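The values are calculated or read from the model by the stated rules, or taken from the named source; none is laboratory data. Everything numeric here is computed off the predicted structure, so don't read it as measured data. Counting neighbours? That spans all protein chains shown, and the Cβs are built from the backbone with ideal geometry, glycine included. The protein model used for the area step is the full one, side chains on, heavy atoms only, and it has no ligands, DNA or RNA in it. Shrake-Rupley method; radii C 1.70, N 1.55, O 1.52, S 1.80 Å.
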Amino acid sequence: MQTAGRIKPPMTADNGWWWEQAAQQVLAIQRCTSCETLRHPPRPMCNRCRSLQWDFIAASGRGTLASYTVLEHPQFPGYQYPIAIALVELEEGERITAQLVGIEPDDITFGMPLQVSFQADPDGFVLPVFEPAEEN
Amino acid sequence: MENSLKNQAAIAGVGQTRYSKESGVSELSLASEAVANCLEDAGLAPGEVDGMVSYTLDSSDEIEVAQCVGIGDLNMFAKINYGGGAAVGLIQQAAMAIASGVCNNVVVWRAMNGRSGRRMGQGTGQQIVSSDLIHWSWYQVYGMLTPASWVAMIAHKYMHTYNVPNDTLASVATTQRQFAVSNPAAFGYQKPMSTEDYYHSKMVSYPLRVFDCCQETDGGCALLITSTERAKSLKQTPAVIRAVTQASVQGQEQMTSFYRDDIASLPEMEYAAKRVYAMSGLGPDDIDAACLYDAFTTEIVMQLESFGFCGRGEAKDFIADGHIGPGGRLPNNTHGGLLSEAYIHGVNNIAQAARLIRGNAVNQPDKTVDHVLVSSGVGVPTGALILGRD
Ligand SMILES: [Zn+2]
């Protein structure tokens, strides 16, 4: 899946910090510092208490497969197909969407345990992916 | 419901262009032709139009269409966001303008070179210019660039949760094609699709195959909304707006509501259902036919449950029993829908609903059609509409 051609996220005040953590191999989950509610994807305000103050926790990287799809067509330059995409239920309770690697599409099953890993593209861009994990 | 739009306005005109894969003309040309045909159908002079509404995705500005068609003074012009989620939102905007006295006659449209020009199924690429660039970027980075890729995630979860077989999707695709086969305006005109054809179509993003996906179309479609009273003096049988609403709910994202509690249903569509049933005083049993938004087959399956035509997980049986086909309890998209007529972003589904109320639609069911339900785009901020006979 390594590629330098993927569409990179724009880095703004609302999301750039998350990718900076990913570059350090940290799977970050944003946390409201006022009420401690976790949220993902990141946004500037807590929808529980309206606080604009936040920090983040480093997720364990463990989770289970909530849903998935396998992208086959159309195929875009900058990506290698087929691409399995996982919706991961993290053990902290938040969900995250990311690529699923290290498994044939036919072997993927709902609920399977997953573990994050970090892959670097040839141009140095680092992004979290998930792979099958041993049962806990 | 205090702020009811019930029976205040009606669809009094329907117009469209030829639907094709290569129009050979500009989107402004398609928009103008659709609007002009719509006014001709209604028997209303362009100078009588005082409001115009389209999609944020539509490339033709209101004033450019007005210039072409000969529309003069305008009191209201608006564009509605969220792709196909805008569809019945156009009707709500028009009905609000009429009910409040701001406008007398509002024309709404969508026109696009969806095949020869910018193809939605070909991905978002680098060209997104909207403010939700960050939103899409969480998916683009992994290669999720198409509506099919985003819709597949929820559809797959739903199918896993309720044991929905792929045959259910095949049935939706072939049933709607069966309608299109006898619709001269449709892509699927005289082009039958068998279950084998369905399974031979290319896998796009599991569980969605090419034949689970809507057409890509060049064409335009327009509707005239006026007061119910005024509609009665125009040429056509009015399709009275019994209820209309837009609908977005907590945790709403555009195509990727992957992070809320229940990801095997369509909460925004359930909210739309609650609103239109309350406003109209009707329930699922009162709906005689439907034009549910069908960019993908799975959206039909899930919406049958959102709108209460059957219980959770029961849509596969409802479909297997033939209820959405010819002669069924709820004939759905009897023109072929976005899947097999044309993808005019849902406005062509509203047009078919208005024709069903007039009683002269292609594949008009062999029964009295008093009420037709229409919905906007699925998995996005959406809406619903119920049309009825005067
Ligand atoms: Zn908070």
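For segment B:287-336: of the residues being charged (D, E, K, R) and open to solvent by less than 10 Å² (accessible area, probe 1.4 Å), which is farthest from B:Ala239 (Cα to Cα)?
For segment B:287-336, the residue satisfying everything is B:Glu299.
Out of B:Ala273, B:Ala264, B:Ala278, B:Ala239, which single residue is over 23 Å from B:Leu39 (Cα atoms), touching a residue at least 40 places away in the same chain (Cβ under 8 Å) and crowded, with 24+ Cβ neighbours inside 10 Å?
Residue meeting the stated conditions: B:Ala273.
Every residue in segment B:201-236 that is part of a loop (DSSP other than H, G, I, E, B) and touching a residue at least 40 places away in the same chain (Cβ under 8 Å), please.
First, pick out the residues of segment B:201-236 that are part of a loop (DSSP other than H, G, I, E, B): B:201-202, B:206-207, B:214-217, B:233-236.
Of everything in segment B:201-236, those that are part of a loop (DSSP other than H, G, I, E, B) and touching a residue at least 40 places away in the same chain (Cβ under 8 Å) turn out to be B:Tyr206, B:Pro207, B:Cys214, B:Gln215, B:Glu216, B:Thr217, B:Leu234, B:Lys235, B:Gln236.
If a residue has to be surrounded by fewer than 18 Cβ atoms within 10 Å (Cβ to Cβ), more than 16 Å from B:Cys221 (Cα to Cα) and touching a residue at least 24 places away in the same chain (Cβ under 8 Å) to count, how many in segment B:79-101 make the cut?
Final tally of qualifying residues: 1.
May I ask you to say which residue of B:Thr174, B:Thr161 is of a type in the set (Ser, Thr, Tyr) and open to solvent by 40 Å² or more (accessible area, probe 1.4 Å)? Walk me through how you get there before you give the answer.
Numbers: B:Thr174 fails: open to solvent by 40 Å² or more (accessible area, probe 1.4 Å).
None of the other options fit; the residue is B:Thr161.
Is it true that some residue in segment B:223-236 is more than 16 Å from the chain's Cα centre (by Cα), within 14 Å of chain A (Cβ to nearest Cβ), modelled with pLDDT of 95 or more and open to solvent by 40 Å² or more (accessible area, probe 1.4 Å)?
No, the conditions are met nowhere in segment B:223-236.
Those residues that are more than 16 Å from the ligand (Cβ to nearest atom), open to solvent by less than 70 Å² (accessible area, probe 1.4 Å) and modelled with pLDDT of 95 or more, I need them from segment A:2-31; list them, please.
Selection gives A:Trp17, A:Trp18, A:Trp19, A:Gln21, A:Ala22, A:Ala23, A:Val26, A:Leu27, A:Ala28.
If you scan segment A:32-69, which residues turn out to be within 14 Å of the ligand (Cβ to nearest atom), open to solvent by 70 Å² or more (accessible area, probe 1.4 Å) and of a type in the set (D, E, K, R)?
If the condition is that a residue be within 14 Å of the ligand (Cβ to nearest atom), open to solvent by 70 Å² or more (accessible area, probe 1.4 Å) and of a type in the set (D, E, K, R), then A:Glu36, A:Arg43, A:Arg48, A:Arg50 are the ones that fit.
Mind telling me which of the residues B:Ala78, B:Ala111, B:Ala87 ends up being away from chain A (no Cβ under 14 Å) and part of a helix (DSSP H, G or I)?
On the way: B:Ala78 fails: part of a helix (DSSP H, G or I); B:Ala111 fails: part of a helix (DSSP H, G or I).
It is B:Ala87.
This table checks each residue for (1) in a loop (DSSP other than H, G, I, E, B); (2) at pLDDT 95 or above; (3) open to solvent by 30 Å² or more (accessible area, probe 1.4 Å).
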site: A:Glu92; (1), (2), (3): yes, yes, yes
site: A:Gln115; (1), (2), (3): no, yes, yes
site: A:Pro122; (1), (2), (3): yes, no, yes
site: A:Phe130; (1), (2), (3): no, yes, no
site: A:Asn136; (1), (2), (3): yes, no, yes
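Among the residues in segment A:34-44, are any in contact (Cβ under 8 Å) with a residue 24 or more places away in the chain, more than 14 Å from chain B (Cβ to nearest Cβ) and out of contact with any Ser or Thr (no Cβ under 7 Å at 6 or more places or on another chain)? Steps first, please.
Just the residues of segment A:34-44 that are in contact (Cβ under 8 Å) with a residue 24 or more places away in the chain, to begin with: A:38-44.
Of the ones still in play, those that are also more than 14 Å from chain B (Cβ to nearest Cβ) are none.
So far as segment A:34-44 goes, no, none of its residues is in contact (Cβ under 8 Å) with a residue 24 or more places away in the chain, more than 14 Å from chain B (Cβ to nearest Cβ) and out of contact with any Ser or Thr (no Cβ under 7 Å at 6 or more places or on another chain).
Just to be sure, is B:Ile128 more than 19 Å from the chain's Cα centre (by Cα), surrounded by fewer than 17 Cβ atoms within 10 Å (Cβ to Cβ) and at pLDDT below 95? Let's see the steps before the verdict.
On the way: more than 19 Å from the chain's Cα centre (by Cα): yes; surrounded by fewer than 17 Cβ atoms within 10 Å (Cβ to Cβ): yes; at pLDDT below 95: yes.
So B:Ile128 passes the test.
Can you pull out the residues in segment B:30-58 that are of a type in the set (S, T, N, Q) and surrounded by 17 or more Cβ atoms within 10 Å (Cβ to Cβ)?
Of everything in segment B:30-58, those that are of a type in the set (S, T, N, Q) and surrounded by 17 or more Cβ atoms within 10 Å (Cβ to Cβ) turn out to be B:Ser32, B:Asn37, B:Ser54.
Could you please let me know if A:Tyr79 is at the interface with chain B (Cβ under 9 Å from one of its Cβ atoms), touching a residue at least 40 places away in the same chain (Cβ under 8 Å) and assigned to a strand (DSSP E or B)?
no
Only one of (1) in a loop (DSSP other than H, G, I, E, B); (2) touching a residue at least 60 places away in the same chain (Cβ under 8 Å) is not met by A:Gly102, so which one is it?
(2)
May I ask you to say which residue of A:Pro74, A:Pro9 is at the interface with chain B (Cβ under 9 Å from one of its Cβ atoms), touching a Phe, Trp or Tyr at 6+ places or on another chain (Cβ under 8 Å) and assigned to a loop (DSSP other than H, G, I, E, B)?
A:Pro9
What number goes with the only condition from (1) buried (at least 22 other Cβ atoms within 10 Å of the Cβ); (2) in contact (Cβ under 8 Å) with a residue 40 or more places away in the chain that B:Tyr198 does not pass?
Of the numbered conditions (1) buried (at least 22 other Cβ atoms within 10 Å of the Cβ); (2) in contact (Cβ under 8 Å) with a residue 40 or more places away in the chain, the odd one out for B:Tyr198 is (2).
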